[in-house]
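Visitor: The structure follows.
The values are calculated or read from the model by the stated rules, or taken from the named source; none is laboratory data. Everything quoted here is computed from the prediction, not taken from an experiment. Glycine also receives a Cβ, built like all others from the backbone with ideal geometry; neighbour counts cover every protein chain displayed.
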Amino acid sequence: MNVVEMHGIYKYFGSFCANKNIEFTLKQGEVHALLGENGAGKSTLMNILYGLYGHDEGHILINGEEVHMSSPSVAIQHGIGMVHQHFMLIPQLTVTQNIFLGMDKETGIVLHLKELEKRVKELNDRFGFNVEPQSLIWQIPVGVQQKVEILKVLMRNAKILILDEPTAVLTPHEVEELFTSIRMLADSGYSIILITHKMSEVMTYTDRVTVMRLGEVIGTVDVKDTTEQELAHMMVGRDVHLERQLQPQEPGKPLLELSDLHVNNDKGLPAVDGISFSVHAGEIVGIAGVDGNGQLELGEAIVGGRKIESGDVRLEGGSVSKSSIRRHLDMGLAHIPDDRLTKGLVLQFPIKQNLIMGSQRKEPFAHGLMSDNKAISKHGEKLVHDFDIRPHDPEYLAGGLSGGNQQKVILAREVSRDPKVMLAIQPTRGLDIGAIEFVRSKLVEERSKGKAVLLISTDLDEIRSLSDRILVMHGGQVMGEVGPDVAVDDLGLMMAGKRLDDMKAEAAGTVEGGAEG
C-alpha cells in the first residue's frame, strides 16, 4: 500500500527548475532512501511534501487522497513529520520541554509536566531510543539529540517521517543505534523517507532507493537488487573512485612542526595535552579520533585561531605560536575549516568575493585602498571553471550554493594561494559522493605537488585512503602513529584510549606466553 504518491511534480525558483516531472512513492512500513548529490533536488522535493514549498505542477496523494500541502501544519494534520538536518532544540530546556514546545495549548505543559514526561518515556521505551525525559538538551550527546527530534514528530502523531541527513554528525555507534530504532518504527507500520548521500547506509539499512540527479528522478530500485557502484553511477552519471589514490613518493623536509603543544578548550580545560609531531613536504598525515578529543582545538591552534598555552608551532622552521591568522596565511598555511557556513564563507557575499578572502587587500585584487573589481571577477571566473563550482556564475551568492559547491569555493580559494601547508578539518563532512571524490582528489594533488597536508577527520575510510601516516587522538593526546594499512579494530581501540605501545606490549606478551606454552 502506498502512503505517499507524488506525480508529475515541478518546482521552479525563477527560471531554475529544481524538480522536474518527479514520480515518487512511499510504501507503508518501508525505509525509503532518497539518494543524490547535493543540489540534486532531494530536499526541495521533501520540503514540498512537508508543505514548506508549494509545487508548480503535479499532484500529491496521502493514503490515496489528493492533498494540497499549503503549509507544514497541513502536512502534520496528514501524519507527516520532518526532522531537519540542523537541530531545532533549545539547549537550556529538558527533553520533555523541547518535545512539547508549541503544544502547550493542547497539553498544558506547565500543569502536567510529569504526565508529559510519562508519555515521552512510553514512546521512548517502545522504540528503544534510550532518552531520559528530564535531561537538559545541552547535557546529552548529539546522537541522543537526534532521537529527541524524532520523538518530537512522533508525539505529533506522525506516521510518515522525513529524515534529512540524520547521520551527518553522528559517530558510527550512534548511527547504528539510530537505525535500529528506525527499523523498529518501520516494523511497527511507520513509513520513513531518508534523505542521504551515504550509500553504505542505503545498502545496510533501507528497503528501496530513489536516485535523483539535477532535479530529476533517475530511477527507483530495491536495495537488494543493486550495488553501491550502480547507485554511484546513477547519482553522478559516471563511475566514481574513492579507493586509495596515493602513489609512493619520498617525503621532503618538515614544513609543519608541533612541539609539546598545550591548548585549552572554551571552558579553560586542557584539550590538547603535550602533542608533538611534524608533517613533511609531499605527505598527508591524518589525525583520527572520535569528535571532542581535542582535534578541533588542535586545528584552531595551528591556524592561529586559538591561544597556545605552551609549546610551539612552526611553519617551515619559523615559529607562529603567537602570530595572527593573517601571518599564518602569509607564511604559507591554507585552511579548510570544520564548518564551512560559519568559518569558511561569508554567505551574503558572492562567490568571487569569497574566493579572495584573506587576499582582498593584496595585488592584483586591490591597489592601495581601491579594489580592482575586474581582477576579482576574472579570478572568480577562472576558479569557478577550474573547480566546476555550480552555478558557473562568480556573482552568485555563496549562501545559495549547495554544500558541495560551498566546499569547492573554500578549496579553490585555499589551493589558489599556492600554500606550503594545507590544514583540512573534516573536509568532506556532509558532502555527496561526487563532491567527496573531488575534494579528496585535490588533497592528493596538493601532496603530489610537494605540499604538506594535515588531515583531521572522523571518517576512518577517508583517513585510511588518504594518509601516508595516521596519528590517533584520545583525550587530547596522541595514542600512537600507524600506517594506512592498520586494522580498523586497532584504530578503534586507540580511539577509545588504548595506547599503541601498550597494544604492542600485550601482543608481544601473548606471543611469548604462547611460545613458552
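Visitor: Filter the stretch 240-261 down to residues that are in contact with a helix residue (DSSP H, G or I) (Cβ under 9 Å, 6 or more places away or on another chain) and assigned to a strand (DSSP E or B) and give me whichever is surrounded by the fewest Cβ atoms within 10 Å (Cβ to Cβ).
Guide: Selected residue: L258.
Visitor: Something else now. With out of contact with any Lys or Arg (no Cβ under 7 Å at 6 or more places or on another chain), of a type in the set (G, A, S) and within 25 Å of L460 (Cα to Cα) as the only criterion, which of A158, A232 stands out?
Guide: After ruling out the rest, the residue left standing is A232.
Visitor: Further question: Could you tell me which of the residues F365, F438, F387 is of a type in the set (F, W, Y), surrounded by 15 or more Cβ atoms within 10 Å (Cβ to Cβ) and in contact with a His (Cβ under 9 Å, 6 or more places away or on another chain)?
Guide: Result of the check over F365, F438, F387: F365.
Visitor: Condition first: at pLDDT 80 or above and of a type in the set (D, E). Now tell me which residues in the stretch 67-122 satisfy that.
Guide: Once the filter is applied, which keeps residues that are at pLDDT 80 or above and of a type in the set (D, E), the stretch 67-122 yields E115, E117, E122.
Visitor: Just the residues that are touching a Phe, Trp or Tyr at 6+ places or on another chain (Cβ under 9 Å), surrounded by fewer than 23 Cβ atoms within 10 Å (Cβ to Cβ) and modelled with pLDDT of 90 or more, please, taken from the stretch 156-172.
Guide: A158, K159
Visitor: What residue, of G58, G39, is surrounded by 19 or more Cβ atoms within 10 Å (Cβ to Cβ), on the phi > 0 side of the Ramachandran plot and in contact (Cβ under 8 Å) with a residue 12 or more places away in the chain? Don't jump to the end; show me each part of the working.
Guide: Numbers: G58 fails: surrounded by 19 or more Cβ atoms within 10 Å (Cβ to Cβ).
On inspection, the qualifying residue turns out to be G39.
Visitor: So, one more: Can you pull out every residue in the stretch 277-313 that is within 19 Å of L491 (Cα to Cα), in contact with a helix residue (DSSP H, G or I) (Cβ under 6 Å, 6 or more places away or on another chain), at pLDDT 95 or above and surrounded by fewer than 23 Cβ atoms within 10 Å (Cβ to Cβ)?
Guide: none
Visitor: I'd like to check something: does the stretch 462-473 contain any residue that is under 30 Å from R390 (Cβ atoms), of a type in the set (A, V, I, L, M), buried (at least 20 other Cβ atoms within 10 Å of the Cβ) and touching a residue at least 12 places away in the same chain (Cβ under 8 Å)?
Guide: Yes, there is a match, as at least one residue in the stretch 462-473 is under 30 Å from R390 (Cβ atoms), of a type in the set (A, V, I, L, M), buried (at least 20 other Cβ atoms within 10 Å of the Cβ) and touching a residue at least 12 places away in the same chain (Cβ under 8 Å).
Visitor: Among the candidates K118, K114, K159, single out the residue that is of a type in the set (D, E, K, R) and closer than 18 Å to L185 by Cβ.
Guide: Unique residue meeting the criteria: K159.
Visitor: Can you go through K420, K382, K378 and tell me which one is surrounded by 16 or more Cβ atoms within 10 Å (Cβ to Cβ), at pLDDT 95 or above and either within 30 Å of E230 (Cβ to Cβ) or of a type in the set (D, E, K, R) (or both)?
Guide: Being surrounded by 16 or more Cβ atoms within 10 Å (Cβ to Cβ), at pLDDT 95 or above and either within 30 Å of E230 (Cβ to Cβ) or of a type in the set (D, E, K, R) (or both) holds for just one of K420, K382, K378, which is K420.
Visitor: I've got another one for you. Within the group N98, N63, N130, N124, which residue is over 30 Å from V240 (Cβ atoms), more than 31 Å from the chain's Cα centre (by Cα) and polar (S, T, N, Q)? Before the answer, list the steps.
Guide: Numbers: N98 fails: more than 31 Å from the chain's Cα centre (by Cα); N130 fails: more than 31 Å from the chain's Cα centre (by Cα); N124 fails: more than 31 Å from the chain's Cα centre (by Cα).
Unique residue meeting the criteria: N63.
Visitor: Moving to a separate point now. In the list D388, D418, D393, which residue meets the criterion of being charged (D, E, K, R) and under 27 Å from H233 (Cβ atoms)?
Guide: It is D388.
Visitor: So R447 clears everything in (1) on the phi < 0 side of the Ramachandran plot; (2) surrounded by 22 or more Cβ atoms within 10 Å (Cβ to Cβ); (3) within 20 Å of the chain's Cα centre (by Cα) except one condition, right? Which one?
Guide: The single condition R447 does not satisfy is (3).
Visitor: Under 6 Å between Cβ atoms, which residue pairs at least 6 apart in sequence (or on different chains) link something in the stretch 196-220 that is of a type outside the set (S, T, Y) with a partner that is in a loop (DSSP other than H, G, I, E, B) and at pLDDT below 95?
Guide: From the stretch 196-220, the pairs are H197/D432; M212/A40; M212/G41; R213/A40; G215/G41.
One line per residue, one yes/no per condition, for (1) within 28 Å of N293 (Cα to Cα); (2) in the same structural domain as G317 (by TED's automatic domain parsing):
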{"residue": "A186", "(1), (2)": "no, no"}
{"residue": "I193", "(1), (2)": "no, no"}
{"residue": "Y205", "(1), (2)": "no, no"}
{"residue": "E216", "(1), (2)": "no, no"}
{"residue": "L231", "(1), (2)": "no, no"}
{"residue": "E243", "(1), (2)": "yes, no"}
{"residue": "Q249", "(1), (2)": "no, no"}
{"residue": "L269", "(1), (2)": "yes, yes"}
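Visitor: Ok, one more. What is the residue count in the stretch 267-276 for residues that are outside any loop (DSSP other than H, G, I, E, B), of a type in the set (A, V, I, L, M) and surrounded by fewer than 24 Cβ atoms within 10 Å (Cβ to Cβ)? Reasoning before the result, please.
Guide: Just the residues of the stretch 267-276 that are outside any loop (DSSP other than H, G, I, E, B), to begin with: 270-276.
Next, only the ones that are of a type in the set (A, V, I, L, M) stay: 271-272, 275.
Filter once more, keeping what is surrounded by fewer than 24 Cβ atoms within 10 Å (Cβ to Cβ): 275.
Going through the stretch 267-276 one residue at a time, the tally reaches 1.
Visitor: Could you tell me which of the residues E300, E283 is free of Cβ contacts under 8 Å to residues at least 60 places away in the same chain and closer than 26 Å to P484 by Cα?
Guide: E300 is the lone residue from the list that is free of Cβ contacts under 8 Å to residues at least 60 places away in the same chain and closer than 26 Å to P484 by Cα.
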